[in-house]
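Asker: There's a structure below that I have some questions on.
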Amino acid sequence: MMKRHFAVAWLVLAVLLAVGAPLAGFQGLTIQKDITVGPGEFQDNIFTIGGNAVVDGKVRKSAVAIGGTITVSGEVGDSVVGIGARVVIKSTAVVRRDVVSLGGTLEKEPGCTIEGDTVYVKGSEIAGRIFGGGGTYGVFALSFAPLILFLKLILAICWLVLAVVAAAAFPKPIAFAAGELRKSFWLTFAIGFLAHVAFIGLVIFAALLCIILIGIPVLFALVMAGLAIKVFGRVIVFAFFGESLLRAFGSKSFSTMGAVLTGLLLVTLVSFLPVLGLLFGLFINFVGWGIVIRTKFGTMENIFERKPVGTPTPSAPAA
């Protein structure tokens, strides 16, 4: 039981690191298909999807690969993470924190230095830990998988329709808000989390007021507002991830619609992962709420940023 929970915890950590943190616009992030940090060279973070990452020099923070290979013979100041990737740690490598390999392969040569933990979970072991145990583990057991996949497919189609409509009607506000999200990803996440807590409190209060009827319209207004924030925020997150992914593969010119649909595809694929998809959906809900609140639905700059007296207010981007 403890081993199962430990593996799932590492999977959650790795997905948040591999999908959330590298795409959060950290300063000095290198995000390409193939990356080489040569001897004597320095990078802050590197992230690749389906490519080859070679670290002969120094990466000050994390090195992450989804698919492909990541070979380290130099120094990594934080962690090395491989998701479905071949991870090779050479004898001269120095990793200041952890080495995590999930669903891929891990090769460590004698003499390498890993100051943290080494976590290696094969693909078959991941499936066994998540799905094992028959009906004991409720909705995440294999017997429930077809129904869950069907419901997620229906939900994905609904999000496709909503995303296309929103991107067609409000391309500039969505692009603007996605750009603001890139500047302060984790602050936005914190704002969204606090907003969720406050919103739940308001909904509970309005539900109690339904006893005296006045709470019914208040509760209805809260629900509608929450749906609007959720939909618009999720589309902004689609645009954010889509733009990051397109730039990672060398695209320099793309439309808001293209970024939204690319991000929708990425988020949908992650959402089909059992357990992790649920946690990732909750994570991006917080981010979506935070960016909608920060930018007032993409109509203005960060409302939490102090400006000097006399600074003109920028006009709202046209839809």
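Please treat every number below as a calculation from the coordinates, not as lab data. Given the structure is predicted, the values throughout are model-derived calculations rather than measurements. Cβ coordinates were reconstructed from backbone atoms using ideal geometry, including for glycine residues, and neighbour counts include every protein chain displayed.
Asker: Stretch residue 296-residue 151 to full length: gain in nm at 0.36 nm per residue minus the Cα-Cα span?
Answerer: That works out to 49.1 nm of additional length.
Asker: Under a 5 Å amide H to amide H cut-off, with H placed in plane at 1.01 Å, what residues pair with residue 52 once short-range neighbours are removed?
Answerer: So residue 52 has HN proximity to 34, 35, 69.
Asker: Answer rounded, prolate or oblate for the stretch 141-295, using the Cα gyration tensor with square roots of eigenvalues a ≥ b ≥ c: rounded when a/c is under 1.5, else prolate when a/b is larger than b/c, else oblate.
Answerer: Oblate, because a/c is 1.5 or more while a/b does not exceed b/c.
Asker: Only counting other Cβ atoms within 10 Å, I'd like 224, 257 sorted with the fewest neighbours first.
Answerer: With the fewest neighbours first, 224, 257 line up as 224, 257.
Asker: Can you work out the FRET efficiency for the pair residue 255 and residue 216, with r the C-beta to C-beta distance and R0 = 30 Å, to the nearest 0.05?
Answerer: Between residue 255 and residue 216 the formula returns 0.10.
Asker: For each of 210, 112, count neighbouring Cβ atoms within 10 Å of the residue's Cβ, then give the residues from fewest to most.
Answerer: Ascending number of Cβ neighbours within 10 Å: 210, 112.
Asker: Rounded to the nearest 0.05, what FRET efficiency is calculated for residue 199 and residue 113 with R0 set to 45 Å and r the Cβ-Cβ distance?
Answerer: Efficiency, from the Cβ-Cβ distance: 0.45.
Asker: Could you list 283, 249, 241 so that the one with the fewest beta carbons within 10 Å of its beta carbon is first and the one with the most is last?
Answerer: 249, 283, 241
Asker: Same structure, new question: Residue by residue through the stretch 249-258, what is 3J(HN,Hα) from phi via Karplus (6.51 cos²θ - 1.76 cosθ + 1.60, θ = phi - 60°)? Round to whole Hz and write x for glycine and proline.
Answerer: 9, x, 6, 10, 9, 7, 8, 4, 4, x
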